[in-house]
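What follows is a short report on a single structure.
The values are calculated or read from the model by the stated rules, or taken from the named source; none is laboratory data. Not measured: the values here are computed from a predicted model. Methodologically, a virtual Cβ is constructed for each residue, glycine included, from the backbone with ideal geometry; neighbour enumeration extends over all protein chains shown.
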């Protein structure tokens, strides 16, 4: 029941885009997030930090205050184009951090990503980020952050109102590790078949 | 429809030896008959059935409200869910000449479950999401489209459907075609004009709810249920008035007796199912609100007992440790009064389910001799791997025998109604349990079997898969998966993956099996008065087999794997036709979809390992086929 309550609270917290740029520029702050083994605690922390907000659409402001204007973030992230200078892109604040990568894997399972995208991100209800490296909405760290936090039209929920930014960055880190040597907790292959001795009848 | 319900028709089940004219080469016992004409040859390249036991002896078998007029106006054909049509113009002597009459692509790369309807001179097909209704003119042999009704459901529903964006079909009543949309709406469409008559919102995708099942109509009420056991929904069945779509009644699968419409008329046969407010007290506090029990399968109706019969789905989460208790009324067969929804009896298949063995499988209603006396039976070839036979008047379990390899339980006690479980194969939080059988997709899944009152046999499209499971704690976040387990499925023991089983109901054993070694089976079955059984395979073969022996008499390779259900009907020209959807997808065959990778055996909720090579054999893309002579 407690878990239900906490998660419901967490689901009600609209999280402005400003939250993620703050986190992007301040990894130290994000590092203070709850450990992944207590996923609900992470959500509870957000809930505690932003009390009193009312349910609403993910992008509806609930009060009269206008969020501060955001500084331009530079060129639209995207692939390197031959002959042009490398674009300035937002980096994942946890890039190269193995324990954050491990946590990203754990959040992937505990926060229900696996239910749609497969236990090891091979797809199912949702698309397959493992072998489908061409992401419809881009695969740079910032684009992955956006896809997770804002949701996408085919049914991907907007996780920005459900998970704190540091969790989303760690999820993005895990997604980018799929199929690489760094990927944590890789899938074991399925057995070829069950042993003939395990079950009856065997017609 | 309901007015026709009271009809009864008796069939004499005939042992093959008595069918001299139709007898076919096969087991020695059958070959002894003197043949007036040579037996039709087996289809070239088709598998050969394995004969296991003598077929059932002659018996007086009555079906409830059988199909009478060559139409197909409700999902299973008849109220009893036999999927048997007495039409016999296509039979063993001529089925070898069956050929395609017309085809139509749906243009949708997703699984095409369900079946078309035929009402008068029009065929009605419901597509997978976006759930279009297409009316096809049968007066013209090329089958031109009369009109298309496009309901434009909420696109977010696509991300909430656990097992592909499927739809299992429509029902006809009172001049309307009535069906459910993935985004939790029920619509009634004028069967002549294609204009929407009414549209009722019955649930919310933001809570993870969808609807995929085909409704039925009983006495002016549309009866339907929801989906979403993998997303923490609370299951229900409800009745809408056919006239205007208003709600007549709604019965939840979890919660108080009041919410479950359980009252003074509720008399379960077994003590395990008796008590007050079990939908509340068999859960940890509050967990029943997200506990599943969705009603996403088939509903049967008996106009004589005046009861509907249906099953509820699995409890959520798959990790059983998060929901201590029996978790009623998940995985339960219910008998209810369709007038007011009041429960009459219930039978929970497995308390505190740990394997995702939904009880939504069809319940087939047949009156036949059982151990010497005529009884009103309910036959349930369940996902948990047993064919169960109940007395449908009171819910007494009369028989439960395995039809595929099973190890989660040894047997069912007919005295207590409880399964005798093997504790070694019950998964627990904190460890991986290996080699449990059958897999969560069951000995068979939602894909419906057929019962032939002429042979006394049930034709089951079974699959043989086992699984490993590692439960983990899940967090409830509305509108997202609430599963709590990593699952890996793989082919079961014995070297076969799927089988059409000719099941002898009276003797509770298989007469024959027609096995598939490459892929499981995941579509429905049709039985006809022509002594034929039609079914399709995941690699796209559509077959007609001899109802007595399982011998394949005809087969045709369709464009995509078949997970649809064949139907048969008389066209306006008086000829018999057979129709089926090809179009691979759904849960077990999800690995055929481009969005699922074969490199992750836990993808698609673990189904990938069972069909690892499926992309070699088939690809999605729905096509309606109509066959004739």
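Could you figure out which of (1) free of Cβ contacts under 8 Å to residues at least 40 places away in the same chain; (2) buried (at least 24 other Cβ atoms within 10 Å of the Cβ) isn't true of residue B:453?
Every condition holds for residue B:453 apart from (1).
Determine whether residue B:513 is in contact (Cβ under 8 Å) with a residue 60 or more places away in the chain, farther than 30 Å from residue B:207 by Cα and within 9 Å of chain A (Cβ to nearest Cβ).
Here the answer is yes, as residue B:513 does meet what is asked.
Which ones in segment B:472-498 are touching a residue at least 60 places away in the same chain (Cβ under 8 Å), more than 19 Å from residue A:124 (Cα to Cα) and more than 8 Å from chain A (Cβ to nearest Cβ)?
Within segment B:472-498, just B:497 meets the criteria.
Which of the residues belonging to segment B:343-366 are more than 19 Å from residue B:298 (Cβ to Cβ) and either more than 20 Å from the chain's Cα centre (by Cα) or free of Cβ contacts under 8 Å to residues at least 60 places away in the same chain (or both)?
B:351, B:352, B:353, B:354
When you look at residue B:214, is it under 30 Å from residue B:196 (Cα atoms), in contact (Cβ under 8 Å) with a residue 60 or more places away in the chain and assigned to a strand (DSSP E or B), yes or no?
So residue B:214 fails the test.
Could you grab me the full set of residues in segment B:97-113 that are over 25 Å from the mean Cα position of the chain (by Cα), outside any strand (DSSP E or B) and exposed (fewer than 15 other Cβ atoms within 10 Å of the Cβ)?
B:97
Looking only at residues in segment B:36-51 that are crowded, with 16+ Cβ neighbours inside 10 Å and closer than 19 Å to residue B:499 by Cβ, which one is farthest from the other protein chains (Cβ to nearest Cβ)?
Top of the filtered list is B:43.
Could you tell me whether any residue of segment B:553-575 is more than 23 Å from residue B:81 (Cβ to Cβ) and part of a helix (DSSP H, G or I)?
For segment B:553-575, residues more than 23 Å from residue B:81 (Cβ to Cβ) and part of a helix (DSSP H, G or I): absent.
Matching residues to (1) closer than 24 Å to residue A:189 by Cα; (2) more than 10 Å from chain B (Cβ to nearest Cβ):
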| position | (1), (2) |
| --- | --- |
| A:104 | yes, yes |
| A:108 | yes, yes |
| A:111 | yes, no |
| A:124 | yes, no |
| A:135 | no, yes |
| A:138 | no, yes |
| A:143 | no, yes |
| A:147 | no, yes |
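Could you tell me which numbered condition residue A:154 fails, if it satisfies all but one of (1) touching a helix residue (DSSP H, G or I) at 6+ places or on another chain (Cβ under 8 Å); (2) more than 10 Å from chain B (Cβ to nearest Cβ)?
(2)
Count, please, the residues in segment B:552-565 that happen to be under 19 Å from residue B:454 (Cα atoms) and either under 17 Å from the mean Cα position of the chain (by Cα) or surrounded by 24 or more Cβ atoms within 10 Å (Cβ to Cβ) (or both).
Within segment B:552-565, residues that are under 19 Å from residue B:454 (Cα atoms) and either under 17 Å from the mean Cα position of the chain (by Cα) or surrounded by 24 or more Cβ atoms within 10 Å (Cβ to Cβ) (or both) number 1.
Here are B:457, B:469: which of them is more than 20 Å from residue B:56 (Cβ to Cβ) and more than 9 Å from every other protein chain (Cβ to nearest Cβ)?
Going through B:457, B:469 in turn, the sole match is B:469.
Please count how many residues of segment B:589-626 are within 11 Å of chain A (Cβ to nearest Cβ), assigned to a loop (DSSP other than H, G, I, E, B) and in contact (Cβ under 8 Å) with a residue 40 or more places away in the chain.
So the count comes out to 5.
Restricting to segment A:164-203, name every residue that is away from every other protein chain (no Cβ under 14 Å), out of contact with any helix residue (DSSP H, G or I) (no Cβ under 6 Å at 6 or more places or on another chain) and crowded, with 22+ Cβ neighbours inside 10 Å.
Within segment A:164-203, A:169 is the sole residue that qualifies.
Might you check whether a residue that is facing chain A (nearest Cβ under 8 Å) and either more than 30 Å from residue B:432 (Cβ to Cβ) or crowded, with 24+ Cβ neighbours inside 10 Å (or both) occurs anywhere in segment B:580-588?
no
I'm trying to understand the selection: among the residues of segment B:31-71, which are at pLDDT below 90 and under 26 Å from residue B:96 (Cβ atoms)?
Hits for segment B:31-71 are B:31, B:32, B:33, B:34, B:35, B:36, B:37, B:38, B:39, B:40, B:67.
Quick one: is residue B:396 in contact (Cβ under 8 Å) with a residue 40 or more places away in the chain and out of contact with any strand residue (DSSP E or B) (no Cβ under 6 Å at 6 or more places or on another chain)?
yes
Test residue B:169 against the stated conditions and say whether it is within 14 Å of another protein chain (Cβ to nearest Cβ) and surrounded by 24 or more Cβ atoms within 10 Å (Cβ to Cβ).
When the stated conditions are applied, residue B:169 does not pass them.
In this structure, is residue B:193 without any contact (Cβ under 8 Å) to a residue 60 or more places away in the chain and in a loop (DSSP other than H, G, I, E, B)?
yes
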